[in-house]
1. THR425 versus GLU132, label points 7 Å from Cα toward the beta carbon: distance in nm?
2. Would any residue of region 69-85 have its amide N under 16 Å from a label point 7 Å out along Cα→Cβ of LEU15? List them or say none.
3. Using the eigenvalues of the Cα gyration tensor, what equivalent ellipsoid semi-axes result for region 227-335 when each is taken as the square root of five times the eigenvalue, whole Å, largest first?
4. Using 1/(1 + (r/R0)^6) with R0 = 25 angstrom and r between the beta carbons of LEU223 and ASP383, what's the FRET efficiency to the nearest 0.05?
5. Got the relative contact order for the chain handy, in percent, Cα pairs under 8 Å and 6 or more residues apart?
6. Could you give the nm distance between label points at SER148 and ASP278, where each point is 7 Å from its Cα heading toward the beta carbon?
7. Return the FRET efficiency for the residue pair ARG407, THR285: r is the Cβ-Cβ distance, R0 is 56 Å, and the value is rounded to the nearest 0.05.
8. Taking the Cα centre of the chain as origin, sum charge times position over the Cβ atoms of Lys and Arg (+1) and Asp and Glu (-1), and report the length of that vector in debye to the nearest 20.
Amino acid sequence: MPSTSNPAVAVHSSLSYAQPTNLSAWGTYLAQVDRVTPYLGPLARWAETLRRPKRTLIVDVPIELDNGDFAHFEGYRVQHNLARGPGKGGVRYHPDVTLEEVMALSAWMTIKNAAVNLPFGGAKGGIRLDPERLSKKELERVTRRYTSEIGVIIGPHQDIPAPDVNTNSQIMAWMMDTYSMNTGLASPGVVTGKPVHLSGSLGRVKATGRGVFVIGCEAMRRLNMPVGGARVAIQGFGNVGSTTSELFAKAGAMIVAAQDSGGAIFNAQGLPIAELADHVQRHRTVGGFPGADSLDPEAFWDAPCDVMIPAALEGQITVARAERLRARLVLEGANGPTLPEADDILASRGIVVVPDVICNSGGVTVSYFEWVQDFASYFWTEDEINQRLEKIVLDALEQIWHTSERRGVSLRTAAFVVACERILTAHEERGLYP
């Protein structure tokens, strides 16, 4: 892919409905595929399937607002690849969601599920809305209408949604109920991330953050970086960021900096995580926390730290930020937070990046456990869930780390090599129908 710093320059795409740029999520994903293709040997002849979503659905989501007016929202569900199993991926509610973003997120889910060796393909969904501007009843109407609109392509054996940005167990409960009412069948397995008393799984809420922590500790061990006393900076203090912070702090690390859309803060002695979590619960931002100094949002990336954890949205570590980053290790809690050119800069500076497709795989791993438990109607304890989670993600990291060393490539390229070999082998063995 041509290297350019101009965000307006389009990346080559053979899809008439996509116009990716070198700074967009879909453009980032395409660049990652381009980088891994030379390592795929004979399987590379199937690589074009990775650049094309299997199915994209755009739906209108009309609802009646509480005041009697009508509002229309744009919704998406993308199934990127189903060669290895039914689609799996979250649904996000955000005003900036686009089709290309959902395409990229679904593609990263394809890679993630294969990298961890879960029996799923990749999918993702989203609605362009700001949930803060809707009442609970309006959110319920949006969710139920969206579920009805995409109901033709989801199901326990077809595509299983889950929570993502600005969605939670309540949203999943509404989705499950709507799908079940429409089909006339009790279908708890149609979504994961449900409330525990509605056939959800113990450990699911904190699974993604726990996975980041487990993977992070193992990466630090391999790099001879003690967790105790390590300085950690974390971007995003939602479900993933707050859980990761809590677990690292309990392990003796110091969370010295935090940032979200409402502000950035710094405390060289370590932030009191319990107090910060309470502040975020009340004010919905880390900004203004009295136990720390305020930072200019851009200065967050200059914070002295050993570990940087981007756990917000994609495209956050740009070239300029990569040149200034002071960490030794980056743990990608978010999907697609590092741009390809920034990846190269971090590598040249000796900063190790544990990529999103393995680092934040704890969520989909426990979603897999929930899906299995729903079919069996037999549920495991939280300790069993956490033990199974740890084994799966650490086994996956072991293979990816070994591949990285053996082939002399970054952990991201190694993760894509492992995943794409599994995906494209499945394509080759299944063949083309008809």
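The values are calculated or read from the model by the stated rules, or taken from the named source; none is laboratory data. Remember, it's a predicted structure, so these values are computed and weren't measured experimentally. Note that we place each Cβ from the backbone using ideal geometry, even for glycine, and neighbour counts take in every protein chain shown. The area values use the complete protein model at the heavy-atom level, side chains included, leaving out ligands, DNA and RNA. Shrake-Rupley method; radii C 1.70, N 1.55, O 1.52, S 1.80 Å.
1. Output for this residue pair reads 4.7 nm.
2. Counting only backbone N, you get 75-83.
3. Rounded to whole Å, the semi-axes are 18, 16, 13.
4. 0.30
5. So the answer I get is 16 percent.
6. Here the answer is 4.4 nm between the modelled labels.
7. Using R0 = 56 Å, I get an efficiency of 0.85.
8. 820
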